[in-house]
Every structure is written in structure tokens, then in C-alpha cells.
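J.: Next up is a structure, given as C-alpha cells.
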Amino acid sequence: MAGQLSPEEKINLITRNLQEVLGEEKVKQVLQERELRVYWGTATTGKPHVAYFVPMSKIADFLKAGCEVTILFADLHAFLDNMKAPWELLELRVKYYEQIIKAMLESIGVPLDKLKFVKGTDFQLSREYTLDVYRLSSMVTEHDAKKAGAEVVKQVEHPLLSGLLYPGLQALDEEYLKVDAQFGGVDQRKIFTLAEKYLPSLGYAKRAHLMNPMVPGLTGAKMSSSEEESKIDLLDSKEDVKKKLKKAFCEPGNIQNNGVLSFVRYVLFPLHGDFCVKRDSKWGGDKVYSVFEEVEEDFAAEKIHPGDLKASVEVALNKLMEPIRKKFETPELRKLTNSAYPNPSKNKSGGKGAKAGGGGEDDELAPSRLDIRVGKVVSVEKHPDADSLFLEKIDVGEPEPRTVVSGLVAYVAQEDLQDRMVLVLCNLKPQKMRGIESQAMLLCSSIEGDPRRVEPLDPPEGSSTGERVFVEGYESGKPDDRLNPKKKVWEKLQVDLKVSDECVAQWKDKRLSTKLGQITCKTLKGGNIS
């Protein structure tokens, strides 16, 4: 295909979906004479996650455009970055990265024979490279080195000298890999500009730089290997993918910092050219989009429900991940995974700070930390700026009712909610939803894969507003004044909140109750509570 493309068509393929290109004229000039040589490097630190499909789909574009692509497994960089990869694990991490990256590329149909794979320490420990590190160190100021790595190298109060070396090594890699351009995320822009500034001082050519946008993670911030809640691991099970997507930030109508929508834009459309939103026939049935902007417009206009978008991305994501999971089922690769990423001991009994009676992680995540109360819905109305959100005023036994902004109850008739006794989680940090602060969470049962099947939980008959709800065996625990969102206490406990086949609310098979009896749900057996 590449041989049939004109230089203009190649540059369009190379630059599509990029956020920024430095040195585009140089790229055009090279393409008039020969194929472009590009490299993408990845530090072998934490396990790669699904956001790595973004650079993988871009590498597929480069190959379609005829580029000669090198993938660098930057093991030395992984060690220099505040020792994110211990020295004794470097070799194992490189082997893991090579296997998982190749599996990703195969899953999207990229031929591996057109790629060159290089390990950093294969050339970065040579005499010539080491001398160039010293030469560069004599030119780059501490201020410039620190500034260049600010968005890539882990920032700590007392930084190590190794972190200051990191940007310079990445600049030198361009020369030693003999490329015309380096490809990376826009978070590396300052390292790229340092390379452009200092490589000519060493007598080396200035390279072009191709930058991808940063894809938001599931929490709305950058997807990170070190933040479990922000990412979907490439080896996560289908059940884990479903759970994580269900909790992903995907506010109705909000197209900013929406990781689910960004995945459609930067991975699914470049790979497939279209995207199918799967819906029940009573809600209009499936709809296939051939242009991403139409997906974005319909989501912004709330014509696509977040639950339908998540369910559709879940199907597409599992299709990409399935061959990767299958490859890593072999005993050899399972052993490699466990060796490269050994599980640290979660509980060290008898250590400092251990609690009487066993304590540890189970006490830290006790369900008694949740302030769940019986409430009464005083009023219900639509959100003024979002058709799929509702505002409920709920009396929870305080002088003033709390305002709750909810999307789940869009599928519950307003008259069924008015004056209804419900369950409310009262110690989450308040957050604004489309401009209105939500001061609590209305707890409902919902069915995975069918976001429209929703029912509020029911307290026992005769319950009063403000009554405490507890989990069997945890009656004496005291709830937190406010759950710390950084600790993800609610998210970790919520995973085990379910409705049994007898329509009883449970946490790890222990019933939720008040002093008058158990919490129930009218019809949704097996539902998740959120």
C-alpha cells in the first residue's frame, strides 16, 4: 500500500490524530527522498494498560505510510526514573514488555516483520554513548534537565541525580537509533524541545517530533500504570473490564476528560474506521457511526447514554484483548508475568501499627466506614442542563434535605420516587455534576449490560429518616466523617455490594439491615448496588 501513496498521502497518515508535530517540514522533505525512520520508546516500568493501544494504532499508521519503525524498550530509563524498575527486575520487565507489546500489535493486525525491536542497554552502555552522556552533561543546566523531565520523570521532594540524566539519554537515543523522528505523548514535549536544542551542539542533526494527545484514564485524569483505579490492564478478565468501565468517569453530555469517549476516538476509529453503539431495540437499536465527530455530537446532545457507550466499548475492548489474554495463558508467560511483577505481601502480621484482633486490610476496608442512612425523597425534578440527570431532595434526618444528582434514576418514574423511603450514602465528598453539587448518593440496584434496569433499594417498612444501615457483623463500627476519594474506599467496598437471588442487599454475602430488618430490592435479583 505504502508504495502507492504520494508523499502528501503519507504525511496525512503519519500526522492524523496527533496533537502536535515539531519539524513537519523536515518530515515532508525526507518523504520526498525516502521512507521516514521513526522510533517510539517505552520505559519498562509498570504493566502496560489499554491506553497503549493509542500508540499501537499510530504505529500501524506509520507502517501503512511506509515508515521504518523502531520500538525501544527503555530499560535503563525505567531504572533512572526514581528506580521505578529495580535493577534485578530489568531483564524480566523487558521480556514482559516485548511479549505484551508484540501481542498487542498482533491483535490489531500489525505485521511484526516490519518492525525493529531494540533494548536500551544494548547500546546505552557503550563507550561512545557514555562519552556523549558526559559531553551533554557539560552543556545542559540542572534547571533545563529538571524542566524537561517535569511531566515524565516521577517528581519527589529530594530528586535523585538519575532523574536529571533521563531527558538527556532520551535525546541521545535519536542519534544512536539513526532516526528522522521520535514519536511519543505530548507529555514528553519538553524532552523533545531539549533534544532539538542540544543535539546540534554535539554535532548531531535536529530531529522531528510527533506527539499523541494524552488519553484520559477511567477516573478522568491521565491513565497511569501506577494508579490501579485509572486503568484497565491488558490481562484483566472480562469481569474486571466490566467492573472498571462501569465505574469509569463518563458523565452524560460531558465530552471533556472522558476516557471512554477518547478510546473510541484514538483507538477504535483509526483501527476499524467505524464504531457501533449497541442499544436495545426499544431505545432505537444499534447505530453504526462512520465519523467520530458524530459520536461526540450525539453524546454531547445526550442521544447516547453513558451506559450504552460503556457497553459498546466493552465489547470492542474485549475483542482486542482476547488474543492477548489467550497468549498469556501459557505456563511460560504466566511465570514471566509473576516473576517480572512479583506480588508484595499485603499483610505483615505483628508489624508496627497492627490492630488487635487481626486488623490489617480487612479492618481498613470495613463496610462500617460507609455512612448509609434511610432517607425520604422530598422532591424530584430534571436537571436544568442535562436531560438524563435528575435532582432529588432527600431528607436524611438532618435539619435540611440533601441534594442528590443522579443518572441512574432517569429510568425510574418520578411519581414512583416522590415520598419514597430510600437508602442514601452520606459521607462521599460532594461533587458538582453539570454545575449542581451532589451532596450524597442514592443507592440503587442495577443490572450489568442493561443500564436502564434500575431500582432504588427499600428499607424495612416503618423505617425513619436518618436511621443507620449496617452490615451484619459490623454493627459497632463508626463511619468516616468523609470518605477520602484518594483512598478509593467506596469504590473498593462497592465491588462486593450485591442483591442476592432472594432480593436481599448484601456485602460479601452478609446482609444490609437496619434495627427493623433487612434491606431489599423489589425485583432485580443479582443486581449490583451503586
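J.: Quick check: from the Cα gyration tensor, does segment 266-322 come out rounded (a/c under 1.5), prolate or oblate? Walk me through the numbers before you get to the answer.
T.: On the way: a/c = 1.87, a/b = 1.26, b/c = 1.48.
Here segment 266-322 falls in the oblate category.
J.: Please state the relative contact order of segment 420-524 as a whole percent: Cα pairs under 8 Å, 6+ residues apart?
T.: So the answer I get is 30 percent.
J.: While we're here: How large is the charge dipole for segment 428-511, taken about the Cα centre, if only the Cβ atoms of Lys, Arg (+1) and Asp, Glu (-1) carry charge, to the nearest 20 debye? Mind dumping the intermediate values first?
T.: Values: 16 positive and 16 negative charges, 138 e Å.
With Lys and Arg at +1 and Asp and Glu at -1, about 660 debye.
J.: Something else: What order do you get for 420-430, 54-64, 5-15 when each peptide is scored by the mean count of other beta carbon atoms within 10 Å, highest first?
T.: 54-64, 420-430, 5-15
J.: Now for a different question. For the chain, which whole-number percentage of the solvent-accessible area (1.4 Å probe, protein heavy atoms only) is attributable to carbon and sulfur atoms? If you can, show how the numbers build up before the last one.
T.: Working: 12020 of 25130 Å².
Here it works out to 48 percent.
J.: Next question. Tally Lys/Arg at +1 and Asp/Glu at -1 over every other residue whose Cβ is under 11 Å from the Cβ of residue 207; what's the total?
T.: Cβ neighbours under 11 Å give a net charge of -1.
J.: On to the next question. Would you kindly state how much longer the chain becomes between residue 143 and residue 431 on full extension, computed as 0.36 nm times their sequence separation minus their alpha carbon distance, in nm to one decimal?
T.: Details: separation 288, 0.36 × 288 = 103.68 nm, distance 3.79 nm.
Length gained between residue 143 and residue 431: 99.9 nm.
J.: Let me know the shape class of segment 457-530, please: from the alpha-carbon gyration tensor, a ≥ b ≥ c as square roots of the eigenvalues, rounded when a/c is under 1.5, otherwise prolate if a/b is greater than b/c, or oblate.
T.: Since a/c reaches 1.5 but b/c is at least a/b, the shape of segment 457-530 is classed as oblate.
J.: Find which of 78, 479, 275 sits farthest along the positive direction of the dipole of the chain, computed with +1 on the beta-carbon of Lys and Arg, -1 on that of Asp and Glu, about the Cα centre.
T.: The one lying farthest along the dipole's positive direction is 78.
J.: Moving on to the next point. Please give the per residue volume of the convex hull enclosing the alpha carbon atoms of segment 99-193, rounded to a whole number of Å³. Show your work: numbers first, answer last.
T.: Numbers: hull volume 13.1 nm³, N = 95.
Enclosed volume per residue, from the Cα hull, is 138 Å³.
J.: Still on this structure, please answer the following. Take the residue pairs 376/525; 95/197; 10/178; 146/432; 429/525 and return only those whose Cα atoms are more than 26 Å apart.
T.: In this structure, 95/197; 146/432; 429/525 lie more than 26 Å apart at Cα.
J.: Using the beta-carbon distance between residue 9 and residue 334 and R0 = 35 Å, what value does 1/(1 + (r/R0)^6) give for FRET efficiency, to the nearest 0.05?
T.: Plugging the Cβ-Cβ distance into 1/(1 + (r/R0)^6) gives 0.20.
J.: As a check on your grasp of the helix formula, calculate [θ] at 222 nm for the chain: sum -39500 (n - 2.57) over DSSP H runs of n ≥ 4, divide by the residue count, round to the nearest 500.
T.: Calculated from helices alone, the mean residue ellipticity at 222 nm is -9500 deg cm²/dmol.
J.: Cβ neighbours within 10 Å, averaged per peptide: list 270-283, 456-469 in order, most packed at the top.
T.: In decreasing order of mean packing, 270-283, 456-469 become 456-469, 270-283.
J.: Between residue 464 and residue 128, what FRET efficiency comes out of the Förster formula 1/(1 + (r/R0)^6) with R0 = 56 Å and r the beta carbon distance, rounded to 0.05?
T.: Between residue 128 and residue 464 the formula returns 0.10.
J.: Using unit Cβ charges (K, R positive; D, E negative) and no other charged atoms, how large, in debye to the nearest 20, is the dipole of the chain about its Cα centre? Working shown, then result.
T.: On the way: 78 positive and 82 negative charges, 203 e Å.
Dipole about the Cα centre, nearest 20: 980 debye.
J.: Once phi is turned into ³J(HN,Hα) by the Karplus curve 6.51 cos²θ - 1.76 cosθ + 1.60 with θ = phi - 60°, what whole-Hz value does each residue of segment 295-300 show in order, with x for glycine and proline?
T.: For segment 295-300, the Karplus-derived couplings read 4, 4, 5, 5, 5, 4 Hz, x marking Gly and Pro.
J.: For a protection proxy built on the mean count of beta-carbon atoms within 10 angstrom, sort 515-524, 204-213 highest first, please.
T.: Answer by packing, highest mean first, reads 204-213, 515-524.
J.: Measure off 7 Å from each Cα along the Cα-to-Cβ vector at residue 16 and residue 298, then give the distance between these two points in nanometres to one decimal.
T.: Calculated label separation equals 2.0 nm.
J.: Another question, if that's okay. Could you work out the relative contact order of segment 75-219? I mean the mean sequence separation of Cα pairs under 8 Å and 6+ apart, divided by the number of residues, in percent.
T.: For segment 75-219, the relative contact order is 22 percent.
J.: Specify, per residue and in Å³, the volume enclosed by the convex hull of the alpha carbon atoms belonging to the chain.
T.: In the chain, the Cα convex hull volume per residue is 181 Å³.
The values are calculated or read from the model by the stated rules, or taken from the named source; none is laboratory data. Everything numeric in this text was worked out from a predicted model, so none of it was measured. Because the Cβ atoms are built from the backbone with ideal geometry, glycine has one as well, and the counts that use them run over all protein chains shown. All accessible areas refer to the heavy atoms of the entire protein, side chains included, with ligands and DNA or RNA removed. Shrake-Rupley method; radii C 1.70, N 1.55, O 1.52, S 1.80 Å.
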